[in-house]
1. Estimate the FRET efficiency between A:Leu172 and B:Thr183 by the formula 1/(1 + (r/R0)^6), using the beta-carbon distance for r and 45 Å for R0, to the nearest 0.05.
2. How long are the three semi-axes of the equivalent ellipsoid of the stretch B:10-86, in whole Å, if each is the root of 5 times an eigenvalue of the C-alpha gyration tensor, listed from largest down?
3. For label points placed 7 Å from Cα toward Cβ, what is the shortest-first list of nm distances from B:Thr186 to its copies?
4. Give the distance, in whole Å, between the Cα centre of the stretch B:68-83 and the Cα centre of the stretch B:1-62.
5. With an 8 Å Cα cut-off and a minimum separation of 6 or more residues, compute the relative contact order for chain B in percent.
6. Return a whole-number percent for the relative contact order of the stretch A:130-211, with Cα pairs under 8 Å and 6 or more residues apart as the contact set.
7. With a 10 Å Cβ neighbour count serving as the proxy for reagent exposure, in which order, fewest first, do B:Met83, B:Met40 appear?
8. Using a 10 Å cut-off around each Cβ, can you sort A:Leu105, A:Leu172 from fewest to most neighbouring Cβ atoms?
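Quick note: the coordinates plus some simple rules give every number you see, no bench work behind them. All values reported here derive from a predicted model rather than from experimental measurement. Cβ placement follows ideal geometry from the backbone for every residue including glycine, while neighbour counts extend to all protein chains displayed.
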There are 2 protein chains.
Amino acid sequence: MENKIKIVHYEDNNHLREGMVFLMNATPNLDLVGSFRDCMQLENQIKTLKPDVVLMDIDMPGRNGIEAVKILKEIAPQTQVLMLTVFEDEDKIFATIRNGASGYLLKNTSPTEIIEAIFDIYNGGSPMTASIARKVLSFFQQQNKLTKTDYKLSERENDILKGLVKGYSYKLIADELFISIDTVRTHIRHVYDKLQVNSKSEAILKALREGLV
Amino acid sequence: MENKIKIVHYEDNNHLREGMVFLMNATPNLDLVGSFRDCMQLENQIKTLKPDVVLMDIDMPGRNGIEAVKILKEIAPQTQVLMLTVFEDEDKIFATIRNGASGYLLKNTSPTEIIEAIFDIYNGGSPMTASIARKVLSFFQQQNKLTKTDYKLSERENDILKGLVKGYSYKLIADELFISIDTVRTHIRHVYDKLQVNSKSEAILKALREGLV
DNA sequence: GCAAAAATCGCACATTGATGTGATTTTTCG
DNA sequence: CGAAAAATCACATCAATGTGCGATTTTTGC
C-alpha cells in the first residue's frame, strides 16, 4: 500500500487508551501518531500531527468529544472523525453527527471491527454500530408517521395557524387576513381546542413538529 | 436457536433471485418462505407468509420497490425491510428510508455480508453499505453548514432558550432552573437582543430553524 | 488582582395573549 | 330548504409577556 493511515486517538481511560495503542501498532497500514487523555490541546495536536482519522471518546474531562468534533472539523474538515463511546442516547448521537462525525461505534465493538471501521471511514464510508444506525434511520421515518394525525382545522383556522408559525402577533394576523383582532382570537381558541394546547408557543411547536403547516 | 427467521424476497432478475434462493437455503436459521419477481401480489403474499424480513429490489416491473415498502409497512409494520439494489442516488435512498426500510445494501455486497445483514436487521440494527451510510449522515451535516451563525449566547441564556423551545412559560423556566422569574426575564431580554427578535414565538422559531438548541 | 462578562434579583408599566360569554352572517351539504 | 359548521365581531377580565431602569454577586480571563 502507498501510505499508512495516520491516526490520533482521544480517550481518558488509561486502560482503553493503552489497549488501542497496542491494537493500532499491531495493525499494518495504520500509523498511530498520537494518543491523548483529553482534548485540551486539540488544535495544536491536529495542526501538528495532521491525522487522516481521529478516534474520539465523548466523555472526557475538560472539553467533551462533542465540542471537540466541532472544533476539529473547523480546522481540519478533511479529517474523518470516528466516535468511540458508551453513550447511546439520541441527543449525543445527533449532536456529534451534526458536528461532523462520520462514524459512531459503541465501545463494546470488537477490535477487529474497530480496525475495519477505520479503513471504512478512511475510504468514505460511515461505520455505525447496528443500533446507532437504526436510530439514525428512525429519524427520517418519524416525519411520515406523524402526518397522520388530522386535527381537522378549518381553512381559516389553518390560515391563523400559519400566521402564528410566521411569528406574527394577533394584530398582524388580523391585518394580513383583513379581519378584526377579535375574530383572530376566536379562531385561535378553536385551534387551541383542536390541537389540545393553551399557548401560542405550544401551538407553534406542535404545528412545526407535526408538519401541520 | 428457537426460531428461524422467515424471509420473503423480491427481485426481478432470475439469476440473482436464484442465487439468493440458493444462499438462503444453505444458511441455517434462515427460512426463505417466498421469492418473487414482482410486487404485484405483495399484500396477499405478506399477509399469508408473514415474513420477519423482506429483501426488496428497487427496480421491478409493475410496482417498484419504493412504493412496495410503503404499502408493506402499512400492512405489516413489524416486518423489517432490507433494500438490496444497484441504485445509489440520494432520492431513491431517502425515499425508501422514509417509507420505512431499515437497511440498504448495494448489490455488489458479498453473500456473507448479506446474510449478516439479515440477522442484523432482525435484531434491530440497520445494515447499510458504507457509501449509503455516509450519504445518510451527510444529510444531517448539511443543516449545520448553511446556518452556522453564532449568536454567542451564554450558557444560562441557552438554558432559557431551551426552556422556551419546550413551550414553557417564564414561571416554569424559573422553577426548572431554580431562579426567580425576574432573572428569567433578564436572560430573555439578552437572548432577544442577541437573536434580534422581540417575542417568544420569534425566538422559538429562530432557535428551531437554525438549530440553536 | 482587577476589569469584563455573566448570573442573579427587583419593580413598574404597557402590550399582548388566554379565556368566558355572548352575537350575527355565510357557507356547506344532506 | 334548513340544520350544522364556519366565519365574523364585541366586550370583559385576568394572566403572561416585553421592556425600561435599576441593583448586587459570581465567574472568568488576562
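1. For A:Leu172 and B:Thr183, the calculated efficiency is 0.90.
2. Semi-axes (√(5λ), whole Å): 18, 16, 10.
3. Label-point distances to the other copies, shortest first: 4.5 nm.
4. Each part reduced to its Cα centre gives a spacing of 13 Å.
5. Rounded, it is 13 percent for chain B.
6. Relative contact order, the stretch A:130-211: 36 percent.
7. B:Met40, B:Met83
8. So the residues, fewest neighbours to most, are A:Leu172, A:Leu105.
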